[in-house]
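The values are calculated or read from the model by the stated rules, or taken from the named source; none is laboratory data. In this text, all values refer to a predicted model and were calculated from it rather than measured experimentally. All Cβ positions, glycine included, derive from the backbone under ideal geometry; neighbour counts span all protein chains shown.
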Amino acid sequence: MHIIISGAGLAGSLMAIYLAKRGWKVDIYESRVDMRKTTISAGRSINLALSSRGIKTLHEVGLENEILKGSVKMPGRMVHDKAGNTVFAPYGRDNSEYINSISRGDLNKILMTAAEQYENVNIYFRHEVLNVDFDNKSMVLKDAESGAVYTVKADLIIGADGANSAIRRSMEKQMPGYISNIAWLDHGYKELSIPPADGGGFRIATDVLHIWPRASFMLIALPNFDGSFTCTLFYANEGAESFASMDTFEKFKTFMQNEFPNALPHMLDIEEEYHNNPVGKLGTLKCYPWRIGASAVLVGDAAHALVPFYGQGMNASFEDCRILNECIDKYGSDWDKILSEYEALRKVNGDAIGDLAVENFYEMRDKVADPVFQLKRKLEHLIENNYPDYRSKYALVTFSPEVSYSYAKSQGNKQDEYLMKVCATVNSVEELNVDEVYRVLKSL
Ligand SMILES: Cc1cc2nc3c(=O)[nH]c(=O)nc-3n(C[C@H](O)[C@H](O)[C@H](O)COP(=O)(O)OP(=O)(O)OC[C@H]3O[C@@H](n4cnc5c(N)ncnc54)[C@H](O)[C@@H]3O)c2cc1C
């Protein structure tokens, strides 16, 4: 087999490792420069939350330990109110369940280097895929260095070129009735930072994901291995209170001072970041089909870009690669069957995690500060600890790679609805019969 991949991002590099292990020839074409040789931004969000689904895949390709070495564990979220009071909410049963903050750039570099260790893998940087001829299984490329435009041909094309995928755009153009829809959120994001403390270490509590929820907007901060935090402000794009209305640094600083008074003093580079860091767009992509016969297939954001509120885009992309690999194990060289089963298994789950991520935006922004919601989390935490077979929606998505995203969505939403109803009727968990609540949850 000779396989060509568009994009040496997270999914493309990982997929190349799976394929290279089979001894197949893999050529990856990446439009950007080699980030291991030049200092460039690794793209959106400096750090990412890696959890069980991603780790399961990295374990399979033998990279789990190397990647987790540079991570910071986050066993829960720390919620900050305006007065500076904080509440810690664990993500799982206890501190043994956590998500991992990792550097996007370091992760991508490790994956590219691991792929290139196979002599049957080549990565061609500064090569942009322009379009695809699916009948001939060929791609037209532009080499940015020489300016040359040329065509490559293979047995299979994999589109791992992110939310704005050239492979998907070719599918849209060439396939009558192709469905491709991006639902944009009316909120965007701006990245800010908190540098390490003087002399090293962290300026605010480490080992947590910090959230400052403010009903219609929020700030979050994830720790980095070097002691810094990457902060992300999610705010409306347009309107009276929006990124657009904060058109001077003075307005922005006053807003940050009013809303996040315990975070702002630590943001030492905020003026530069206000001017230099663009406002990013957030959208959910749903498209169909994900493949053209036995010629081409999409993986990762190219098939299902998500909003980042469940921290699952990369985890889902890695899971795509693992499942595609399992389909190859099952069907050998029958590419029609391989791609058809992969698409059937993943499309429904791509849609489910896309919906869950949007739902979690509203949960993080509006609900985490709500007393009924906090009571619900407390009750659920108690149940999770008393009954090992019960898992919250968050745990089903984040810590349970053995269940699908679509199961996590349907089961988790039923559980949440019931628990919120129960918690709205009481002032404390002690007023409830926990055994009875568990019994009803099981019946769901
Ligand atoms: C603010 C933010 C925070 C996030 N946080 C998390 C998180 O905490 N946890 C998580 O799991 N996910 C998170 N995500 C999602 C995650 O970033 C993506 O799901 C992940 O990067 C998808 O990987 P990918 O390889 O499919 O796409 P990408 O990482 O976008 O890689 C695509 C690659 O293709 C290349 N390319 C594009 N077009 C072409 C072309 N025409 N020719 C050749 N090459 C091309 C690009 O240069 C790039 O290298 C976040 C996303 C955002 C925006």
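In region 161-171, which residues are within 9 Å of the ligand (Cβ to nearest atom) and not in a loop (DSSP other than H, G, I, E, B)?
Step one: filter region 161-171 for residues within 9 Å of the ligand (Cβ to nearest atom), giving 161-167, 169.
Passing the criteria: A166, I167, R169.
Which residue out of D351, D336, D247 is of a type in the set (D, E), more than 14 Å from the ligand (Cβ to nearest atom), without any contact (Cβ under 8 Å) to a residue 60 or more places away in the chain and assigned by TED's automatic domain parsing to the domain that holds S51?
From the options D351, D336, D247, the qualifying one is D336.
Any idea how many residues of region 172-202 are outside any strand (DSSP E or B) and in contact with a Lys or Arg (Cβ under 9 Å, 6 or more places away or on another chain)?
Our first condition is that a residue be outside any strand (DSSP E or B); within region 172-202, this holds for 172-178, 185-186, 195-202.
Retained after the next criterion (residues that are in contact with a Lys or Arg (Cβ under 9 Å, 6 or more places away or on another chain)): 178, 185, 195-197.
The total comes to 5.
Here are some residues: D247, D226, D198. Which one is over 17 Å from the mean Cα position of the chain (by Cα) and closer than 17 Å to A49 by Cα? Walk me through it before giving the result.
Values: D247 fails: closer than 17 Å to A49 by Cα; D198 fails: closer than 17 Å to A49 by Cα.
Checking each option against the conditions leaves just D226.
Of the conditions (1) under 30 Å from F399 (Cα atoms); (2) surrounded by fewer than 17 Cβ atoms within 10 Å (Cβ to Cβ), D336 clears all except one; give me its number.
Tallying (1) under 30 Å from F399 (Cα atoms); (2) surrounded by fewer than 17 Cβ atoms within 10 Å (Cβ to Cβ), D336 fails exactly one: (1).
Select from region 127-152 the residues that are away from the ligand (no atom under 14 Å from the Cβ) and either of a type in the set (A, V, I, L, M) or surrounded by 15 or more Cβ atoms within 10 Å (Cβ to Cβ) (or both) and list them in ascending order.
D133, F134, K137, S138, A148
Looking at region 218-253 only, could you name the residues that are among the polar types (S, T, N, Q) and either assigned to a loop (DSSP other than H, G, I, E, B) or at pLDDT below 95 (or both)?
If we filter region 218-253 for residues that are among the polar types (S, T, N, Q), which is where we start, we get 224, 228, 230, 232, 237, 242, 245, 248.
Once the filter is applied, which keeps residues that are among the polar types (S, T, N, Q) and either assigned to a loop (DSSP other than H, G, I, E, B) or at pLDDT below 95 (or both), region 218-253 yields N224, S228, N237, S242, S245, T248.
If you take the residues of region 167-193 that are within 18 Å of H304 (Cα to Cα) and among the hydrophobic types (A, V, I, L, M, F, W, C), which of them is surrounded by the fewest Cβ atoms within 10 Å (Cβ to Cβ)?
Result: I179.
Just the residues that are more than 6 Å from the ligand (Cβ to nearest atom) and either part of a loop (DSSP other than H, G, I, E, B) or surrounded by fewer than 24 Cβ atoms within 10 Å (Cβ to Cβ) (or both), please, taken from region 298-315.
The answer is V299, A305, L306, V307, F309.
Would you confirm, using the coordinates I've provided, whether I28 is within 11 Å of the ligand (Cβ to nearest atom), farther than 19 Å from A316 by Cβ and at pLDDT below 95?
Details: within 11 Å of the ligand (Cβ to nearest atom): yes; farther than 19 Å from A316 by Cβ: yes; at pLDDT below 95: no.
Considered against the rule, which asks whether it is within 11 Å of the ligand (Cβ to nearest atom), farther than 19 Å from A316 by Cβ and at pLDDT below 95, I28 comes out as no.
Go over the candidates L345, L375 one by one and state the one that is away from the ligand (no atom under 11 Å from the Cβ), farther than 22 Å from R22 by Cβ and either in the same structural domain as I211 (by TED's automatic domain parsing) or part of a helix (DSSP H, G or I) (or both). Please lay out each step first, then the result.
Details: L345 fails: farther than 22 Å from R22 by Cβ.
Sole residue among the options that is away from the ligand (no atom under 11 Å from the Cβ), farther than 22 Å from R22 by Cβ and either in the same structural domain as I211 (by TED's automatic domain parsing) or part of a helix (DSSP H, G or I) (or both): L375.
State whether the residues of region 257-278 include one that is within 13 Å of the ligand (Cβ to nearest atom) and in contact (Cβ under 8 Å) with a residue 60 or more places away in the chain. Please lay out each step first, then the result.
Just the residues of region 257-278 that are within 13 Å of the ligand (Cβ to nearest atom), to begin with: 277-278.
This time we only want the ones that are in contact (Cβ under 8 Å) with a residue 60 or more places away in the chain, so: 277-278.
Within region 257-278 (the criterion being within 13 Å of the ligand (Cβ to nearest atom) and in contact (Cβ under 8 Å) with a residue 60 or more places away in the chain), the answer is yes, since at least one residue qualifies.
Condition (residue is among the small types (G, A, S), surrounded by fewer than 20 Cβ atoms within 10 Å (Cβ to Cβ) and more than 30 Å from V348 (Cβ to Cβ)) applied to region 423-434: is it met by at least one residue? Spell out the reasoning first.
Our first condition is that a residue be among the small types (G, A, S); within region 423-434, this holds for 424, 428.
Of the ones still in play, those that are also surrounded by fewer than 20 Cβ atoms within 10 Å (Cβ to Cβ) are 424, 428.
Add one more test, that the residue is more than 30 Å from V348 (Cβ to Cβ), and what stays is 424, 428.
So far as region 423-434 goes, yes, one or more of its residues are among the small types (G, A, S), surrounded by fewer than 20 Cβ atoms within 10 Å (Cβ to Cβ) and more than 30 Å from V348 (Cβ to Cβ).
So is E64 in contact with a helix residue (DSSP H, G or I) (Cβ under 6 Å, 6 or more places away or on another chain) and among the acidic types (D, E) or not? Reasoning before the result, please.
Numbers: in contact with a helix residue (DSSP H, G or I) (Cβ under 6 Å, 6 or more places away or on another chain): yes; among the acidic types (D, E): yes.
Yes: the conditions hold for E64.
From the list A49, A114, A89, pick out the single residue that is modelled with pLDDT of 95 or more, more than 11 Å from the ligand (Cβ to nearest atom), small (G, A, S) and not assigned by TED's automatic domain parsing to the domain that holds I220. Before you say what the answer is, go through the steps one by one.
Working: A49 fails: more than 11 Å from the ligand (Cβ to nearest atom); A89 fails: modelled with pLDDT of 95 or more.
After applying the criteria, what remains is A114.
Let me confirm something: among D389, D336, which residue is part of a helix (DSSP H, G or I) and of a type in the set (D, E)?
Values: D389 fails: part of a helix (DSSP H, G or I).
Answer to the check: D336.
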